[in-house]
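The values are calculated or read from the model by the stated rules, or taken from the named source; none is laboratory data. Model, not experiment: these values are computed from the prediction. Note that each Cβ is placed from the backbone with ideal geometry, even for glycine, and that neighbours are counted across all protein chains shown.
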Amino acid sequence: MVKWGMPPVQALRGATTVAADLIGWSADVGAVEAGKFADLVAVAGDPLADITEMSRVRFVMKGGQVIRNDLK
């Protein structure tokens, strides 16, 4: 989406909070908040400055379990 002109912040929101709203799951997913499912990814850089950072994921947590941790 960024490739065709969407700002990175809008693309990331579209994949998280907006998507959660669209499927009716915003009470459970889409944001990092107490009581929501703990599925997280982390990158080394700033995806708002360089959206390609999202293709270089360094840390993944799914359901509260660390699946990948290359940040050590």
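Can you name the condition, by its number, that V18 falls short on among (1) outside any loop (DSSP other than H, G, I, E, B); (2) closer than 18 Å to V57 by Cβ; (3) not aromatic (F, W, Y)?
That leaves (2) as the condition not met.
Here are the criteria: (1) touching a Ser or Thr at 6+ places or on another chain (Cβ under 9 Å); (2) loosely packed, with under 13 Cβ neighbours inside 10 Å. Tell me which single one G30 does not satisfy.
Among (1) touching a Ser or Thr at 6+ places or on another chain (Cβ under 9 Å); (2) loosely packed, with under 13 Cβ neighbours inside 10 Å, the lone unmet condition for G30 is (2).
Those residues that are at pLDDT 90 or above and either of a type in the set (G, A, S) or surrounded by fewer than 11 Cβ atoms within 10 Å (Cβ to Cβ) (or both), I need them from the range 38-52; list them, please.
Of everything in the range 38-52, those that are at pLDDT 90 or above and either of a type in the set (G, A, S) or surrounded by fewer than 11 Cβ atoms within 10 Å (Cβ to Cβ) (or both) turn out to be A42, A44, G45, D46, A49.
Answer yes or no as to whether G35 is in a loop (DSSP other than H, G, I, E, B) and surrounded by 12 or more Cβ atoms within 10 Å (Cβ to Cβ).
no
Return yes when A20 is in contact with a Ser or Thr (Cβ under 7 Å, 6 or more places away or on another chain) and either at pLDDT below 95 or of a type outside the set (F, W, Y) (or both) and no when it is not.
Yes: the conditions hold for A20.
In this structure, does S55 turn out to be among the hydroxyl-bearing types (S, T, Y) and loosely packed, with under 12 Cβ neighbours inside 10 Å?
Against the criterion (among the hydroxyl-bearing types (S, T, Y) and loosely packed, with under 12 Cβ neighbours inside 10 Å), S55 qualifies.
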